[in-house]
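S.K.: Sharing a structure, written as structure tokens. Questions coming.
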Amino acid sequence: GGCKKERASSSHVMMEQNSNLKTLQFIPFTSAPKIGFWQALAKKKLEEWQLDEGGKEIEGYYWPGSLADLPPRLELVASSISSSNIERPNGAYYVRGDVYVVNTLDRFKAIEKEAILKKARSVDCPSFVLLVFADMKKQSYVYWFGFPTFALSPPAQLSTSRSLKDELIARDSSIELFLQSIESVFPDNKKYEQPLFAVRITPKVIKVVTLTQVDEPHSEEWLFCCIDPSSQAEPGWPARTLIGFLGLRFALKRATIACCRLDVLQDTQQAFCNGICSQAFTVHMNDDTTSSLLGWEKNAAGRMGPRRIDMAPLTHPAELAASASALNLHLMRWRLMPSLQVDKVSTISCLLLGAGTLGCCVARTLIGWGIRNITFVDNGYVAYSNPARQWLYTVSDCAQNTSKAVAAAKALEQIAPNSTASPSRFTGVQLTIPMPGHSLTENEIKDITRLAQLIESHDHVFVLTDTREARWLPTLLATAAPNQPTVLNVGLGLDTFVVIRHGAKSNLGCYFCNDIVAPADSTKDRTLDQQCTVARPGLAPIASAMAVELAIALLHHPLGHAAPADSEQILSKHTSNDPNRPLGILPHSIRGFLTHFTTVAPATNKFHQCTACSDTVVAHYRQDPIGFVTKVCSDPKILSHITGLDTLADDFDADAFLLDEDDDDLATITSLSS
Ligand SMILES: [Zn+2]
């Protein structure tokens, strides 16, 4: 009522109005009620509100912006309904609102929408209204959010914009002083309820007050502030509320408003700010700022109309689990890693060769990343020695003598049940991997084809067997497979581990290449396999997690597993700004030493005489897949023969190794003799 209108008198203002002004646009809030919110609302209506259609106070929250892709969202959760036990996530800012739950769809249509906006609780603070028709029997809700704000007609004009940092420097102040002043005036529990405030910056002192405490509002020393959920060039809805308030209450014609985003509010998060940083806008308001309100949210079709949510399919535990775990991943992207490709990660398919300690740990980590297509291959049965270290088994699996591969797949179904939101496909295949030196039975010969089919139908192959020989055929099959899967070998010693990546498109060495060209590691690896059952219990989870995290990081590089091998040295230069490495460096292999709590990341190239991945071996396999593998299994010496490794060894024996070779190859010859 007491809003005075004043004519602009300052010549300074006149001059600026002649310059190039443009209309200031705002990005509206998007409502984001969680499933739990609707459940809590239904309970409250049933038990307490019943047929009362009057407004009830509830609370939502939003996050300060400046992360690319983070839309300005007003979130509501189960405790938004509660009057006492409101859970407030750390760092989120609070918005109070009113919910009107009407009893019929006709009432929903007929109710005066403008009147509801006018009943909004405050004009000096962002607020919201929510109109709901709850069909409790069908668990279906028709709802419409409104974010009341002044019409600003004609719209506010923008004359200058710059970063908040520059604005504060121009006023002989700084972000540090600015933040200190806010902290000292609004203690932590109050700060998050003050998304709008004003700061008066004089040469001697910074004064922070709520909007209603502003005196001499026309002083140019005022900086009017809002916590801004936008990460774009345009500010979000709170800035609109702020400008409307300044025009109506103080009849200001010109004001500088500060839109505070994550970059200034949380220094520790600064490295992750990929959106537009905190801004200061100098804004010109029109004489005719009216007190009429608008702000009903558009629906999913982009029209001015209500939305509907059907909860029935969402209340099944499997659906709840799926949406909750997906939310965790998306939150990670929104808050910390904007370039994380959550959907790409969750759609990969993984073949786990070995369902022991490593297989169980790899599977659990994959589940954490939202991956729901996992196949286990193992020939064993769950034994009483397994459940303590092999996280997918229980003692009842031992009592029933269940196949490990089948039991592991069943366990995953309990942890991440199939749902419409994220369909899962967990399979257990009982199969013996053919190994050089172990002659094959008729049944095992069939397993060659079966294993080849499995490798060709998965894009990631984790080789987690406990013998070295069992890694040979999977490595060969993956190299020969037309789909060119990413292969990750994981091996354990007592207190050391190795993770190696490999794939047909890459020029990097496979598990066997590496063994031969790196003699020092070769002996280590052989010991690893022999000792794998006596590893320190913490080792398998560490190594498995490293392998999965490497696979996920590789997915973000355009070349995938063919991405060049990064050394640890690149780490010092690496920043999260490298679009190909948003999760960090992409080593070829990781060797870990639990005795020193240390890892190194050596890289080796493909060895042209490798017994598993060389062109010669792949060509022999392609010519006669079953025949070749069967022959190698009964006589592994064939491998040394066709790759020429035996000639190398003979040459060495004949003391005739002074060929025109480089140092690496000499090292190879030496290693073969030892
Ligand atoms: Zn190789």
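The values are calculated or read from the model by the stated rules, or taken from the named source; none is laboratory data. Computed from a predicted structure; not experimentally measured. Note: areas computed on protein heavy atoms with side chains; ligands, DNA, RNA excluded. Shrake-Rupley method; radii C 1.70, N 1.55, O 1.52, S 1.80 Å.
S.K.: Per the 1.4 Å probe, what fraction of the accessible area of the stretch 373-454, in percent, lies on carbon and sulfur atoms?
M.R.: Roughly 51 percent, rounded to a whole number.
S.K.: What number, in percent, do you get for the relative contact order of the stretch 116-237 if the mean sequence gap of Cα pairs under 8 Å and at least 6 apart is divided by its residue count?
M.R.: 18 percent
S.K.: Something else: Return the whole-Å distance between the Cα centroid of the stretch 490-505 and the Cα centroid of the stretch 464-484.
M.R.: 13 Å
S.K.: Residues of the stretch 351-441: accessible area per residue at 1.4 Å, in Å²?
M.R.: Accessible area per residue, the stretch 351-441: 41 Å².
S.K.: Next up: So, with a 1.4 angstrom probe, what is the percent of accessible area on the stretch 100-139 that is carbon and sulfur?
M.R.: Answer for the stretch 100-139: carbon and sulfur cover 52 percent of the accessible area.
S.K.: What's the carbon and sulfur percent of the stretch 21-71's accessible surface, probe 1.4 angstrom, rounded to a whole number?
M.R.: That fraction is 53 percent.
S.K.: Another question, if that's okay. Just how far, in whole angstrom, is the stretch 166-230 from the stretch 380-419 if you go by their alpha carbon centroids?
M.R.: Centre-to-centre distance over Cα atoms comes out at 59 Å.
S.K.: Step through the table entries 43/410; 22/191; 43/119; 22/190, compare each Cα-Cα distance with 29 Å, and write down the pairs that go over it.
M.R.: Check vs 29 Å cut-off fails for 43/410; 22/191; 22/190.
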